[in-house]
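Student: Below you will find the structure I want to go over with you.
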Amino acid sequence: MRISPSTEGVKAEERWKLLSLHRLPARLSGEETGWILGFFPRGIGILVAKKILKPLGNPSPNGRKSFATAEILRLGEILGLVR
């Protein structure tokens, strides 16, 4: 899937806004989780399938998943991805 330059710019701006927040929100989407850990969104799906990441609640297999920020940051520190 190709991302158009205009869409890419919007995503980069959203990413910058999230990463520059003084305090992150308690719940992150799969895409935001990827931004924090440095993975593409499809990589988050692989981490969920391998049971390395656990989404909040009990989402359907093809549904939108949310993740707890505290757990994402803890995992990132353990793996050396987040400081």
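Student: Based on what the data block shows, is residue 57 of a type in the set (Gly, Ala, Ser) and at pLDDT 90 or above?
Tutor: Judged against the criteria, residue 57 is a match.
Student: Of all residues being among the small types (Gly, Ala, Ser) and part of a helix (DSSP H, G or I) in region 65-83, which is surrounded by the most Cβ atoms within 10 Å (Cβ to Cβ)? Just the residue, please.
Tutor: Among residues in region 65-83 that are among the small types (Gly, Ala, Ser) and part of a helix (DSSP H, G or I), the one surrounded by the most Cβ atoms within 10 Å (Cβ to Cβ) is 76.
Student: Here's something else I'd like to know. Looking only at region 38-46, decide whether some residue is touching a Gly at 6+ places or on another chain (Cβ under 8 Å) and farther than 17 Å from residue 81 by Cα. Write out each step before concluding.
Tutor: In the first step, residues of region 38-46 are kept if they are touching a Gly at 6+ places or on another chain (Cβ under 8 Å); the result is 40-41, 43-45.
Pick out the ones that are also farther than 17 Å from residue 81 by Cα and you get 45.
The answer is yes, given that some residue of region 38-46 is touching a Gly at 6+ places or on another chain (Cβ under 8 Å) and farther than 17 Å from residue 81 by Cα.
Student: Still on this structure, please answer the following. Pull out all pairs, ordered by first then second residue, where Cβ-Cβ is under 7 Å, the residues are six or more apart or on different chains, the first lies in region 46-66 and is over 24 Å from residue 77 (Cβ atoms), and the second is in a loop (DSSP other than H, G, I, E, B).
Tutor: 59/65
Student: Among the residues that make up region 46-64, is at least one of them assigned to a helix (DSSP H, G or I) and within 10 Å of the chain's Cα centre (by Cα)?
Tutor: No - not one qualifying residue is present in region 46-64.
Student: Sticking with this structure for a sec: When the residues of region 14-41 are filtered to those that are part of a helix (DSSP H, G or I), out of contact with any Lys or Arg (no Cβ under 7 Å at 6 or more places or on another chain) and at pLDDT 85 or above, which remaining residue is surrounded by the fewest Cβ atoms within 10 Å (Cβ to Cβ)?
Tutor: 31
The values are calculated or read from the model by the stated rules, or taken from the named source; none is laboratory data. Keep in mind it's a predicted model, so treat the numbers as computed, not measured. When we count neighbours, we look across all protein chains shown, and the Cβ atoms used for this are built from the backbone with ideal geometry, even at glycine.
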